[in-house]
């Protein structure tokens, strides 16, 4: 038995092919999920009408419900808000990525909202938030959920892209910027 198949003296079963699954959506050349596969223009709201953290989360969940991506909006609001209360998802540089997992979601879903004015999201850098990206997934899609969080973070780490998306005014502009930057279409 190979050393990789052992852990502290416990033999692990060989990997079963049916347990290895591909992430949902199209993959890019690096094998990473493309956000263009989980974001549609009808899930982008600009400007948001809400002007405070919980209202923004609720508004973006409602966007996903209206788009048919989420069946139980109340459950998702509870899941996202519970997660938000454990630690802020305002990750800095004007971005917040609230996220949650709950039943009533078929596949990973994403909504983007641009507040009318930058808002306090209790971000780690204490700066107001200029863009909110909400991610929602079923409880059994942890890998996809984490990949999407990482993908959004990577995308937004590009300062030039951040400035372009913060300057965008319409849902179509925001959607097109994400699709173009993420390698879609």
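When each of 48, 64 is tested for being within 21 Å of residue 143 (Cβ to Cβ) and either touching a strand residue (DSSP E or B) at 6+ places or on another chain (Cβ under 6 Å) or buried (at least 21 other Cβ atoms within 10 Å of the Cβ) (or both), the lone residue that passes is 64.
In summary, residue 185 fulfils each of the numbered conditions (1) modelled with pLDDT under 95; (2) in contact with a strand residue (DSSP E or B) (Cβ under 8 Å, 6 or more places away or on another chain) with the single exception of condition (2).
In the set (1) in contact with a helix residue (DSSP H, G or I) (Cβ under 8 Å, 6 or more places away or on another chain); (2) at pLDDT below 95; (3) at negative phi, the condition left unmet by residue 172 is number (2). Taking each residue of region 91-107 that is at positive phi and touching a residue at least 60 places away in the same chain (Cβ under 8 Å) and looking for partners that are surrounded by 18 or more Cβ atoms within 10 Å (Cβ to Cβ) and in a loop (DSSP other than H, G, I, E, B) with beta-carbon atoms closer than 7 Å, six or more apart or interchain, yields 94/130.
Filtered by the rule that a residue be surrounded by 13 or more Cβ atoms within 10 Å (Cβ to Cβ), under 14 Å from residue 34 (Cβ atoms) and over 8 Å from the mean Cα position of the chain (by Cα), region 136-153 gives 144, 147, 151. Scanning region 91-109 for residues that are in a strand (DSSP E or B) and more than 20 Å from residue 158 (Cα to Cα) yields 99, 100, 101, 105, 109. If a residue must be more than 13 Å from the chain's Cα centre (by Cα), assigned to a helix (DSSP H, G or I) and without any contact (Cβ under 8 Å) to a residue 60 or more places away in the chain, how many such residues does region 64-90 contain? Residues flagged as more than 13 Å from the chain's Cα centre (by Cα), assigned to a helix (DSSP H, G or I) and without any contact (Cβ under 8 Å) to a residue 60 or more places away in the chain within region 64-90 amount to 14. For residue 148, the requirement of being closer than 30 Å to residue 72 by Cβ and assigned to a loop (DSSP other than H, G, I, E, B) is not met. Could you go through region 128-136 and let me know if any residue there is in a helix (DSSP H, G or I) and in contact with a helix residue (DSSP H, G or I) (Cβ under 9 Å, 6 or more places away or on another chain). Looking through region 128-136, none of the residues is in a helix (DSSP H, G or I) and in contact with a helix residue (DSSP H, G or I) (Cβ under 9 Å, 6 or more places away or on another chain).
The values are calculated or read from the model by the stated rules, or taken from the named source; none is laboratory data. Since the model is a prediction, treat every value here as computed from it, not as a measurement. Here Cβ is always computed from backbone atoms with ideal geometry, including for glycine, and neighbour counts include all displayed protein chains.
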